[in-house]
Amino acid sequence: MIVAAALPLVAEYGAAVTTSQIARAAGIGEATIFRAFKDKDEVLDACVAEAVGTDHVLRELASISLEEPVADRLAEAAEALRAHMERMGTVVGALHASGHRWGRGPGAGTRDGEDPPPDSRAQSVTALRNAVIELIEPDRTAFRLSPEKVAAAFLGLLFTRLQTPAPDADAPLTPEELIAVLLHGTLNDPGSA
């Protein structure tokens, strides 16, 4: 509850957010924050952990109906992953810009005092890839490539789209355009080239 209330404030104010603001947003007394967290830095670290965590986006991906056409499923997945990356970038960026550094000591960024596992990023990427594979699996026979390779291509296209600013004259690919490139390529008539 505290972290959920703090996230939008951290995105807006970075490390300048006060525990008083967080308490007001959570509808609790300020002292309650310090029963749950040692100090404000621990609250901020918990916000980073929540922002970079994949639980929320994995739940969204799992809620996409497998009855929808594959293009629609992938467009919904692209939007969920874009929102996740945007939230992560906003929170981490605001804290970084305001001078807060996550994980400054043993146990920083975790609630139980343990350091995050060294391969947690790899585990997150694997979990996201597996969730996309589940969305593709019902249409396995429609693809020339395995669902694992299609999921890797999808995530590669998506993450490249999110990290590459488009030239001024061009808007970035929409999720629908990205899915069209993934499923049909870029040629008008694929057999003609």
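Among residues other than Pro138 with Cβ under 11 Å from its Cβ, the summed charge is -3 (Lys and Arg +1, Asp and Glu -1). Remark: relative contact order (region 36-97) = 42 percent; criterion is Cα-Cα distance under 8 angstrom and separation of 6 or more residues. Scoring 43-53, 141-151 by mean Cβ neighbours within 10 Å over their residues and listing the highest first yields 43-53, 141-151.
Counting only C-alpha contacts under 8 Å and six or more residues apart, can you give the relative contact order of region 1-57 as a whole percent? It rounds to 38 percent for region 1-57. Here the peptides 16-24, 33-41 are ranked by packing, the mean other Cβ count within 10 Å, and the order with the highest first is 16-24, 33-41.
Highest average first, the peptides 63-69, 131-137 ordered by how many other beta carbon atoms sit within 10 Å of their residues are 131-137, 63-69.
Read-outs throughout are calculated quantities, based only on the coordinates presented, and are distinct from any laboratory measurement. Not measured: the values here are computed from a predicted model. Virtual Cβ from ideal backbone geometry, glycine too; neighbours counted across all protein chains shown.
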